[in-house]
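Trainee: Quick one: the structure is below, and I'll ask about it shortly.
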Amino acid sequence: MRFLSLKLLILIFILNISSSEAQTTGLPKDFSASEIVEMQDQKSLLRQNSVSINQTFPSTPMRAMAEWEEIQALVVAWVQYQPTLREIVRYSREECRVIIVCNDSFLVKDYLREGKVPLSNITYLQTPVNSAWIRDYGAMSVYSNEVDSLILFDWIYNRPRPFDDQMPFQLSKILQKPLYSMTSPPNDLVHIGGNFMTDGMGSGFSTYLVLDENSEFGQFNLTSKTEEDIDWIMNSFMGIDQYIKLPTLPYDGIHHIDMHMKLLDEETLLVGEYPLGIADGPQIEANIQYIQNNYYSPFGTPYEIVRIPMPPHHDLYPDNIWSDYRTYTNAVFVNKTILIPSYEEKYDSVALRIYRNQFPGYRVVGIDCNEVIKAGGALHCITREIGVNDPLLIRHRHLLDVYENHSDYQVSAYIKHSSGIEHAKIYYATDKNGPFQEIDMVRSPTRKHVWTGFIPVQNSGEKVFYYISATANSGKTISRPLTAPAGYWQFDIIGPNTKIEDYFQTEMLPDVPPFNHETERMVAPLRVR
């Protein structure tokens, strides 16, 4: 009989501790006490274990999907916070398939039944798991050639949790999708899902954590990386050609960007706001100014900033050690539903109103996160979306308010599907409840995948509501906004007697610097809002 190697014995010991701790007390989003001890002696072994089997390098251009795009599944890890997870499942299963990673599906089913959650549209992946934070270690959805094959991507997880670290491989098996890995030199990268967001058009956002963890002082990286190295890897594997990195916040111990910021669409950032000078407020405001002074959306426009309160905990903010790090940006898109954290009704009502104003037609649901936030995360942190197999992509810079004139309003969109596009249409109305009039869009003879149509000129003072619908040659049809006709974009016709301050109000963006030869992005005019 062969003796087990010392490394294997150590690994089994770590797995047993991690699994036991996860199932009894639940691992925090940060390191647990036992993990800190383990890391001191097992750093080398854990690095070896984090290298995935598949080290394929992409041979075609990649596009990481945005979270508001259509998804086929939402994944959760059934480790702790079951009341919160049950509510996520309750609403998500009505929008897509829900994959529950668990040790015992019978126990999960019993708990769901007790809460009167129907069991249809749920898949159970029975495999060991260390923690609930699947956003960080779950696989990213990326498409080749923008809309072709769905591919899952993995990077080195920054925690000593071996079962979690294998989750991308487990998901690739159950979904029958290839897994590409950024886990082997020279393309190794330490990263986590909670510290990355993208617009689906090549722009990405993270905090400086991604720089720190891949530097010579990183605890899990196999090789040191410069910022240029990181940018190259993210571009090659995920199609990120504008990677915006922001200073970490003083009081957010995990330094994940989803705790204070969220992309709502290609041009809009939802940003957490504290009272003046409180907690992480000053650093957040400095980060916003940095973005506005140096970067533009993929449409060449300044980012629109929508602010949402960071609610206190017992009237205390995170600069007090007794306060939880409450946030509303840690929300998740599930097709036509948006799930946002809830804490107290007096604060939640404001957050719900902000989301509903931004996303007409969407079902916006608050889910109690008072327990999960104690461990340093919320809904976004304990979910991971999987994109659809055949995305029908519609990109459109929605129209802004315009002055009264005698010209029709041009609507252009980038529309693409793997089978090609059969037709595209604009639907518009001057009442948000309709009826909506139909306008054919025409394919551009010179700009590939671009379609254009015109909304007829309207009278001064009118509000125009519109959306775009496209049908692929395969027969698939989708609209954007996804919830149309209940969801729509809107612009107003400003008449000669309208006070312009009624439109600028307090949302006017600060002055933008002139053309920047380093970023090579043109200055766009300020939005009328």
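Trainee: Measure off 7 Å from each Cα along the Cα-to-Cβ vector at ALA486 and THR123, then give the distance between these two points in nanometres to one decimal.
Mentor: 2.6 nm
Trainee: Residues of region 385-412 with amide nitrogen under 14 Å from the 7 Å Cα-to-Cβ point of PHE454?
Mentor: 405-412
Trainee: Further question on the same structure: Is the shape of region 48-387 rounded, prolate or oblate, going by the alpha carbon gyration tensor and its root eigenvalues a ≥ b ≥ c, with a/c under 1.5 for rounded and a/b larger than b/c for prolate?
Mentor: Values: a/c = 1.39, a/b = 1.03, b/c = 1.35.
Rounded, because the longest to shortest axis ratio a/c is under 1.5.
Trainee: Using the Kirkwood radius built from alpha carbon pairs, what does the Stokes-Einstein equation give as D for region 275-399 at 20 °C and 1.002 mPa s, in µm² per second? Provide the component values of the computation, followed by the final result.
Mentor: Values: Rh = 16.6 Å.
Once the numbers are plugged in, D ends up at 129 µm²/s.
Trainee: Using Cα pairs under 8 angstrom and six or more residues apart, how large is the relative contact order of region 48-387, in percent?
Mentor: Values: 723 pairs, mean separation 67.9, N = 340.
Relative CO of region 48-387 lands at 20 percent.
Trainee: Another question, then. When you count, for each residue, the other Cβ atoms within 10 Å and take the mean per peptide, how do 457-466, 125-134, 412-421 rank with the highest first?
Mentor: Values: 457-466: 16.1, 125-134: 23.3, 412-421: 18.8.
Result, highest mean Cβ count within 10 Å first: 125-134, 412-421, 457-466.
Trainee: Under a straight-distance cross-link criterion of Cα-Cα below 18 Å, which aspartates and glutamates are reachable from LYS173, leaving out those fewer than 8 residues away in the same chain?
Mentor: Result set, ordered by chain and number: ASP154, ASP164, ASP165, GLU385.
Trainee: If R0 is 60 Å, what FRET efficiency do you get for GLU216 and HIS423 from their C-beta distance, rounded to 0.05?
Mentor: Using R0 = 60 Å, I get an efficiency of 0.60.
Trainee: Right, here's the next one. With a ≥ b ≥ c the root eigenvalues of the C-alpha gyration tensor of region 291-339, is it rounded (a/c under 1.5), prolate (a/b larger than b/c) or oblate? Before the final figure, lay out each step's value.
Mentor: Numbers: a/c = 3.76, a/b = 1.58, b/c = 2.39.
Cα axes put region 291-339 in the oblate bin.
Trainee: Of the listed peptides 177-185, 192-200, what is their order by residue-averaged count of other C-beta atoms within 10 Å, with the highest listed first?
Mentor: On the way: 177-185: 19.3, 192-200: 24.1.
By packing density, highest mean first, the sequence is 192-200, 177-185.
Trainee: At what distance in angstrom do the alpha carbon centres of region 92-166 and region 58-83 lie from each other?
Mentor: So the separation of the two Cα centres works out to 9 Å.
Trainee: OK, next. How large is Rg over Rh for region 364-440, taking Rg from the Cα atoms and Rh as the Kirkwood inverse mean of 1/r across Cα pairs? Let's see the in-between values first.
Mentor: On the way: Rg = 20.0 Å, Rh = 17.4 Å.
Reported Rg/Rh (Cα atoms, Kirkwood Rh): 1.15.
Trainee: May I pose another question? Under a point spin-label approximation (7 Å from Cα along Cα-to-Cβ), what is the ILE321-ASP241 distance to one decimal in nm?
Mentor: 4.9 nm
Trainee: Order of 89-96, 323-330, 377-384 by packing, highest average Cβ count within 10 Å first? Please list the in-between numbers first.
Mentor: Working: 89-96: 19.9, 323-330: 24.4, 377-384: 28.5.
Per-residue Cβ counts within 10 Å, averaged per peptide and sorted highest first, yield 377-384, 323-330, 89-96.
Trainee: Lys and Arg at +1, Asp and Glu at -1: add these up for the other residues within a Cβ distance under 12 Å of PRO391 and post the number.
Mentor: Combined, the nearby Lys, Arg, Asp and Glu give 0.
Trainee: Let's test the formula: R0 of 25 Å, r as the Cβ-Cβ distance of VAL442 and HIS406. What FRET efficiency results, to the nearest 0.05?
Mentor: Values: r = 22 Å, r/R0 = 0.87.
It comes out at approximately 0.70.
Trainee: Report the label-to-label distance for PHE57 and TYR347 in nanometres (one decimal), using points 7 Å from each Cα along the Cα→Cβ vector.
Mentor: So the label points at PHE57 and TYR347 sit 4.8 nm apart.
Trainee: At 0.36 nm per residue, minus the direct Cα-Cα distance, what do GLN176 and THR223 gain on full extension? Give it in nm, one decimal, please. The partial results should precede the final answer.
Mentor: Values: separation 47, 0.36 × 47 = 16.92 nm, distance 3.07 nm.
The span from GLN176 to THR223 would gain 13.9 nm if fully extended.
Laboratory data are not the source of any read-out in this text; all were calculated from the coordinates shown. Everything numeric here is computed off the predicted structure, so don't read it as measured data. Don't worry about glycine lacking a Cβ; one is built from the backbone with ideal geometry, like all the others, and counts go over all protein chains shown.
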